[in-house]
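In what follows, a structure is listed as C-alpha cells, so that the remarks can point back to it.
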Amino acid sequence: MSTKEIEIKVPAVGESISEVFIGEWYASEGKFVAADKDVVGLETDKATFGIPAPVSGIVTRILKKAGDSAAIGEVIGYLQPSDAPAATSAPSPAAAPVASAPTAPAVPAKAGGHVMPAAASEMAKNNLPAGSVAGTGPGGRVLKEDVIRTVQAGPVRVGGSRETRNVPLSPIRQTIARRLVEAQQTAALLTTFNEVDMSAVKKLRESYKDVFEKKYGVKLGFMSFFVRAVVAGLQQFPALNAQMNGKQLTHYNYCDIGIAIGGGKGLVVPVLRNAENMSFSDIELAIVQYAVKAKNNQITLEELDGGTFTITNGGVYGSLLSTPIVNPPQSGVLGMHGIFDRPIAVNGEVVIRPMMYVALTYDHRVVDGREAVSFLKLVKDLIEDPTRLILEV
C-alpha cells in the first residue's frame, strides 16, 4: 500500500458557495478512520455535510480546526493510508508494576492548600464549603485557626462559576441572524391570530391511523392536514404566495411549502416542491425523510433552496402562542402551536375541546389585512372540517 499522504480537501458544494465553516473533526490527529466514514463535518450558510475518508487510514495532520473557515478546494488535513489497527488488550493488573503508595496528604481542598483534619472537622461544624477558607499553614495548608478566624470574620460568600467562553457563529447561524434582521428592517410585518378546534382532525386520525400506516408505512400526522389547507388558502389568496421583487411582484403558480424542522445543527426549512400535487401520504413521507436527514445533518442545499411559503410548528416544543417571522423574500408564514384542552362556547354551552392557536405573519407591502385574515380563517375552517380537504371543496 502506498505510504503517500492523501489530502483532505473541501469539495464543491454549490455554485454560489465559495467557502465553508469547519464544524467538527470526527477523528483527531493520530486516530484511525475507516474508508467512507466521515472524517470531518463542514457547514455552509444553508446546510451541513461531512467529508468521507477516501481510504482507511490515520489522520496525520489537521490544518483547519473547528471554527475556521476554508475555501472550496482548500486542503484542510492529511490522511495516511493504513489498514485498521489491531485491537490491543490492556495489560493485566498482575503484569503492571506496583508503585509504592506515598503517604496520602490531608483532606484535599477544592482551592488553596490541603485541609488538616482538625480544620475539616471545624469546617463541617460551621457548614463551611470546601475551598472557602484560606490556609496559612505550611504549603498553604488550612489549619483549625484559619477556620475559626474565618467564622469570626462573618458570613462566607460563596460564588458560582463565572467562566465565559466565546463560540464563533457558524455560517448557518450567521445567515439566520442576517435574514431575521433583514425581514424586520425591509418588510412591513403584521401578525393575525386565530384558534382551531382540532377535534375533527384528531378523530379522523384516530379512525384511520392504523390503516394509513399499514398502507403507506408512515404515520398520519397533523402537518399534512395543514399543508393541504395552506395550499388551498394560497390558491384562493395568491398574494400570500407572491414575493416582492424590486418594484414588481412575482406570483408563483405553484406552491413550494417550506417545513421548519429541528436538526442536528439547528432549525432547517426543507421545501415540499409542488405541494399542490402531493397527497397526504406524499407529504407525510417527505416530512419523515427530511426529519431523518436533518437529524443526521444530511439536508442538501437543493432541498433548502427556494420556497414560496413556510409552515413552522412550535407546538412540538410546547409553545402555546408565538409570532412567527417571515423568511424573506417570502410574504407569509403560518405558525402552528400546541394542542391543549380548553373550555370554549359551542351552541351556547361551555365544552372542553382540543384547541390550537395559529398565527399568520405576513408582509403588508404585498398582502392586505383582509386577505391575511381571510386566508387564516379558511385554514381554520378546513382543519375543523377536514373532509373538505379530501373532497377539495
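Every number in this text was worked out from the coordinates using simple rules, so none of it is lab data. Bear in mind the structure is a predicted one, so any value in this text is a computation, not a measurement. Virtual Cβ from ideal backbone geometry, glycine too; neighbours counted across all protein chains shown.
Please report the net charge: other residues with Cβ closer than 12 Å to the Cβ of Glu29, K and R +1, D and E -1.
Residues close to Glu29 contribute a combined charge of +3.
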Extension length gain for Gln235 and Ala134 (0.36 nm per residue less Cα distance), in nm, is 28.9 nm
Summing -39500 (n - 2.57) over every DSSP H run of at least 4 residues in the chain and dividing by its residue count gives a helix-only mean residue ellipticity at 222 nm, to the nearest 500 deg cm²/dmol, of -8500 deg cm²/dmol
Rounded to one decimal in nm, the spacing of the 7 Å Cα→Cβ label points at Arg388 and Thr175 is 3.7
Row for the range 176-391, column shape: gyration tensor on C-alpha, a ≥ b ≥ c, rounded if a/c < 1.5 i.e. under 1.5, prolate if a/b over b/c, else oblate; value oblate
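Residues with beta-carbon under 15 Å from that of Ala359, excluding Ala359: net charge, scoring Lys, Arg +1 and Asp, Glu -1?
0
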Restricting to Cα pairs under 8 Å and 6 or more apart, the percent relative contact order of the chain works out to 15
Residue span Val316 to Leu267: 0.36 nm per residue of separation minus Cα-Cα distance leaves a gain in nm of 16.3 nm
Checked against a 30 Å limit on the C-alpha separation, the offending pairs among Lys247/Lys293; Lys215/Lys295; Lys293/Lys377; Lys215/Lys293 are Lys247/Lys293; Lys293/Lys377
The exposure ranking of Lys65, Lys144, Lys37, fewest beta-carbon neighbours within 10 Å first, is Lys65, Lys37, Lys144
Lys and Arg at +1, Asp and Glu at -1: neighbours of Arg342 with Cβ under 10 Å from its Cβ sum to -2
Applying the gyration tensor rule to the Cα atoms of the range 245-299 (axes a ≥ b ≥ c; rounded if a/c under 1.5, else prolate if a/b exceeds b/c, else oblate), the class is oblate
